[in-house]
Amino acid sequence: MSSTEQARWFVLGGDHLVLLDAQGQIPGGPRACLPSPLQEAPFERFDDWDGEPCYLLDLGTTADTQAMTGLRQLMVAGDEEGFRLAGRAWQLATFRRSHRFCGECGAPMVPKSGEWAQVCRHGHVVYPRISPCIIVAVRKGPAILLAAHRRHYQADDPMYTVLAGFVEAGENLEQCVAREVFEESGIRVCNVRYVASQPWPFPHSLMMGFTADYQSGEIKVQDDELVAAGFFEADQLPRLPPHGTIARRLIEQSLAEKR
């Protein structure tokens, strides 16, 4: 790459932190747009954005990250493509960080030429991990099932969102929807319908979104996952996930459906 090449520069460090420019965006332009210590750093090309190459540099977990910002800030700011590509960069960096040694023979691993993979001296090859997850909006008449999740609960202004969970071995997506909803809320669902998907780099999920209808049951929250849950109508919604998330899309689409 030349020093004058126009590109997007994804500089990562710490735990899901990314370097943004003065406008709160991924730096774009020639290498000279970067802070001087990074202008000679060994970036790797990993994608393209509007015809411009995207380069990745992971400074590691112990880097000085005072000038960096949480990855979610791009999503909150409405920069969907910046968030998508930064998320892809983070998943690739997480893969490299967590596959320094071969899980089969224990030998050190190095990047494989020609593809984004790691290979050891014995030829064992691994590819970036992707964890399939479901996320589902459950409708009961004019209301939608929303829950306050324990992992990001704020007592003064709790955010409520739809239910989600990881797919288990030997389970199809529809079975996962029914199981996760019942485990977390005590509700049985029917009429499960696929909507859309979204890569989610925390750390390497692929969220597959569904809507479903209430079938039976009373709400009984899974204490280790949820703080509270309830059915909410459109005129009495609590604080919701930000725009740009598949959770927000599912909520809005579900409430917009005529019943």
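State whether one or more residues within region 217-230 are out of contact with any helix residue (DSSP H, G or I) (no Cβ under 9 Å at 6 or more places or on another chain) and surrounded by fewer than 15 Cβ atoms within 10 Å (Cβ to Cβ). Yes, because at least one residue in region 217-230 is out of contact with any helix residue (DSSP H, G or I) (no Cβ under 9 Å at 6 or more places or on another chain) and surrounded by fewer than 15 Cβ atoms within 10 Å (Cβ to Cβ). Can you find a residue that is among the acidic types (Asp, Glu), open to solvent by 20 Å² or more (accessible area, probe 1.4 Å), free of Cβ contacts under 8 Å to residues at least 40 places away in the same chain and not in a strand (DSSP E or B) anywhere in region 42-49? No: zero hits.
Considering region 76-151, the qualifying strands (runs of 3 or more DSSP E), each wholly inside and each with 1 or more residues that are free of Cβ contacts under 8 Å to residues at least 60 places away in the same chain, run over 109-111, 118-120. Scanning for something in a strand (DSSP E or B), within 17 Å of PRO132 (Cβ to Cβ) and at pLDDT 95 or above, does region 209-230 turn up at least one residue? The answer is yes; a qualifying residue exists. Among the residues making up region 66-83, those that are under 27 Å from GLN198 (Cα atoms) and either of a type in the set (Asp, Glu) or touching a strand residue (DSSP E or B) at 6+ places or on another chain (Cβ under 7 Å) (or both) are MET68, THR69, GLY70, LEU71, ASP79, GLU80, GLU81.
When region 84-123 is limited to residues that are open to solvent by less than 50 Å² (accessible area, probe 1.4 Å) and over 22 Å from the mean Cα position of the chain (by Cα), the one that is nearest to SER197 (Cα to Cα) turns out to be GLN118. Entry remark, region 51-70: residues being surrounded by fewer than 18 Cβ atoms within 10 Å (Cβ to Cβ), among the hydroxyl-bearing types (Ser, Thr, Tyr) and in a strand (DSSP E or B) number 1 in total.
The values are calculated or read from the model by the stated rules, or taken from the named source; none is laboratory data. For clarity, every value in this text was computed on a predicted model and none was experimentally measured. All Cβ positions, even for glycine, are placed from backbone atoms using ideal geometry, and neighbour counts span all protein chains on display. Calculation scope for accessible area: heavy atoms of the full protein, side chains included, ligands and nucleic acids excluded. Shrake-Rupley method; radii C 1.70, N 1.55, O 1.52, S 1.80 Å.
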